[in-house]
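Here the structure is laid out as structure tokens; the discussion comes afterwards.
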Amino acid sequence: MIELNKENFDAEVLQASGLVLVDFWSEKCEPCMALMPEVVKLAEKNAGRAKFCKLDTAGNKRLAISQKVLGMPTVVFYKDGEKVFTFGPAEIDADGIDAVQAKLDELA
Amino acid sequence: MSVVYDILIVGGGPGGMTAGIYGSRARLQTAILEKGKPGGQAATTTEMENYPGFFRETTGPGVMGEFEAHAKQFGTVFLKGNVTGVAFEGEIKSVTTSSGETYQGRTVVLAPGAEPRMLGVPGEGKLRGKGVSYCATCDADFFEELDVIVVGSGDSAIEEALYLTKFAESVTVIVIHDEGILDCNKRSSEKAFANPKLKWVWNSVLEEIQGEEMVEAVVTKNIRTGEQTTREVNGVFVFIGMQPKTEFLKGKVALDPWGYIPTTERMETNIPGVYAVGDARAKYLRQVVTAAADGAVAAFAAEKFLEGHVEGRLTREDIQKLTEGSK
């Protein structure tokens with residue numbers, strides 16, 4: 001997975017063509033730490049179908065807020081630089097990674 | 001799946017993991033099904049200073065990591081899965097996960113835990129993850145130099161409010177009670193009243209959360225005067241108690257009118273061989289230490305059940321009484 005930060009976010013996500021998944025996380029966020037291995041697995045299983053990225057919000061707080069992310073874990077799909085779907089903490093808690101996979105199948 | 005576990009545990013919080021420790025140590029094939037990282041709610045709070053023996057700089061995730069290592073050391077199997085269905089009819093019980101997998105057990109320990117209760121006010125659902133939060137450790141970072149409010153005055157509310165003061169510019173606590181009255185423990189209230197970064201709004205409830213793409217303001221109402229006040233804030237942290245995560249058990253196991261699982265002193269539910277522990281159980285005090293105690297009792301009871309001693313079970317009449325009032 002690509003590690004995003006202030007420097008590469010625009011190029012890797014907003015100016016990228018095709019489908020991009022971004023996992024917003026931080027070390028202090030336990031549900032994020034629980035989700036991360038599953039996102040990694042999902043990225044491996046679906047290699048080539050989308051670009052898989054993660055953004056550590058520690059140190060990139062303003063960037064996360066600019067993407068309207070103020071709660072974690074959050075997984076966002078971008079298509080051709082446009083935000084097309086957001087899984088917030090509530091959706092992740094209720095449906096987990098399966099819902100993310102289903103959305104990927106729909107968008108890819 | 002052809003494996004039939006002796007004890008199949010649904011949920012990997014402190015209750016489930018203690019059942020795992022006791023079950024495995026009794027040389028029973030014991031597995032825990034957990035959808036996320038083991039530790040339950042205890043793993044989402046850093047402040048934890050009331051689990052006996054752990055008081056030197058310990059955290060929720062730290063203590064839960066020890067529980068996990070302890071269970072694994074005795075051979076508890078940790079399985080990943082979000083249980084959405086159960087079948088308790090036969091002698092062999094089975095549970096199914098959201099990804100369609102089925103697991104079987106001769107006995108089942110239900111440890112699904114609880115989740116934060118929502119306020120149920122306009123704007124709350126729409127703005128969750130956009131300034132409305134139920135997890136301070138997850139989201140506190142975002143509110144550095146910003147203004148947040150906390151709703152509630154129990155242990156979680158006050159302890160998380162104190163945690164938030166390390167990040168936010170101001171933390172205002174909305175309390176339904178008269179001035180000076182909090183529902184939390186004395187030690188936390190003393191700490192809270194001594195903290196200059198905490199502000200208090202008494203006799204009040206939250207009526208609405210406003211904002212388009214992010215939280216911009218809240219409306220509070222003074223329950224004495226009926227007066228409404230709009231307050232500009234960036235974050236709303238809600239800690240008004242919990243609700244049991246027992247939706248998937250409706251119609252399968254007897255629940256009380258609030259969704260909690262009534263049990264005997266031996267953690268037996270109304271279904272022979274099915275036990276319930278932790279925060280989802282109908283009980284007086286919900287803490288890591290009581291969840292752990294439940295887990296020990298349930299695993300011991302399950303061991304005796306597997307040996308054929310099944311006395312002390314709830315009768316149909318007992319359950320009828322316990323569930324009276326539910327639809």
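Side notes on the structure shown:
- Exceedance of the 28 Å cut-off in Cα-Cα distance is limited, within the set A:Lys83/B:Lys245; B:Lys37/B:Lys321; A:Lys28/B:Lys130; A:Lys28/B:Lys126; A:Lys45/B:Lys93, to A:Lys83/B:Lys245; B:Lys37/B:Lys321; A:Lys45/B:Lys93.
- Over the protein assembly as shown, DSSP H runs of length four or greater, each weighted -39,500 (n - 2.57), average out per residue to a 222 nm ellipticity of -8000 deg cm²/dmol.
- Viscosity 1.002 mPa s, 20 °C: Kirkwood-radius Stokes-Einstein D of the stretch B:132-238 over Cα pairs, µm²/s: 157 µm²/s
- For chain B, the spread of Cα positions along each principal axis, largest first, Å: 62, 45, 37
- Simple label model, 7 Å out from Cα along Cβ direction - A:Arg62 to A:Ala99, nm: 3.2 nm
- Dipole size of the protein assembly as shown about its Cα centre, with +1 on Lys/Arg Cβ and -1 on Asp/Glu Cβ: approximately 760 debye, rounded to the nearest 20.
- A cysteine counts as unpartnered when no other cysteine's C-beta lies under 4.7 Å of its own; in the protein assembly as shown this applies to A:Cys53, B:Cys184.
- Cleavage-rule hits, chymotrypsin sites (Phe, Trp or Tyr not before Pro), the stretch B:70-148, DSSP coil, Cβ neighbours within 10 Å at most 15: B:Phe74
- Förster radius 35 Å - calculated FRET efficiency between A:Lys79 and B:Ser170 (Cβ-Cβ, nearest 0.05): 0.35
- Charges were assigned to the Cβ only: +1 to each Lys and Arg, -1 to each Asp and Glu. The resulting dipole of chain B about its Cα centre is roughly 920 debye.
- Using a Förster distance of 45 Å, the FRET efficiency for A:Ala90-B:Lys186 (Cβ separation, nearest 0.05): 0.85
- Whole-Å distance, taken between Cα centres, linking the stretch B:27-103 and the stretch A:9-30: 30 Å
- Simple spin-label estimate for B:Glu265 and B:Lys197 in nanometres, 7 Å along Cα-Cβ: 4.7 nm
- The phi-based Karplus calculation (6.51 cos²θ - 1.76 cosθ + 1.60; θ = phi - 60°) puts the 3J(HN,Hα) values of the stretch A:13-21 at 10, 6, 9, 8, 9, x, 8, 10, 10 Hz, whole numbers, x for Gly and Pro.
- Between B:Ala161, A:Asn46, B:Val215, the Cα set farthest toward the positive side of the dipole of the protein assembly as shown (charges on each charged residue's Cβ, about the Cα centre) is that of A:Asn46.
- Residue pairs, from the table A:Lys41/B:Lys35; A:Lys41/A:Lys61; A:Lys41/B:Lys250; A:Lys54/A:Lys103, whose Cα atoms sit over 23 Å apart: A:Lys41/A:Lys61; A:Lys41/B:Lys250
- With 10 Å bins beginning at zero, the pair-distance distribution over Cα atoms of the protein assembly as shown amounts to 4, 20, 28, 26, 17, 5, 0 %.
- The alpha carbon centroids of the stretch B:255-305 and the stretch B:122-178 are separated by 32 Å.
- Space enclosed by the convex hull of the alpha-carbon atoms of the stretch B:201-323, per residue, Å³: 165 Å³
- With the charge dipole of the protein assembly as shown set up from +1 on Lys and Arg Cβ and -1 on Asp and Glu Cβ about the Cα centre, the Cα lying farthest toward the positive end among the listed residues A:Ala94, B:Val109, B:Phe143 is that of B:Val109.
- Gyration tensor over the Cα atoms of the stretch B:256-300: the corresponding equivalent ellipsoid has semi-axes (square roots of 5 times the eigenvalues, largest first) of 15, 14, 6 Å.
- Placed amide H near B:Thr172: partners under 5 Å, 5+ positions off or other chain: B:Val148, B:Ile149, B:Val150, B:Lys199
- Expected-Rg normalisation [2.2 N^0.38 Å, Cα atoms] applied to the stretch A:2-107: 0.96
- Per-pair calculated FRET efficiency, R0 = 22 Å: B:Phe54 and B:Arg27 via Cβ, rounded to 0.05: 0.20
- Beta-bridge orientation, the stretch B:162-311: approximately 70 percent antiparallel, per DSSP, counting only bridges with both partners inside.
Values quoted throughout were computed directly from the atomic coordinates according to the rules given, and no laboratory measurement underlies them. Owing to the predicted nature of the structure, the values given are computational and were not obtained by experimental measurement. Neighbour counts run over all protein chains shown; Cβ positions are idealised from the backbone, glycine included.
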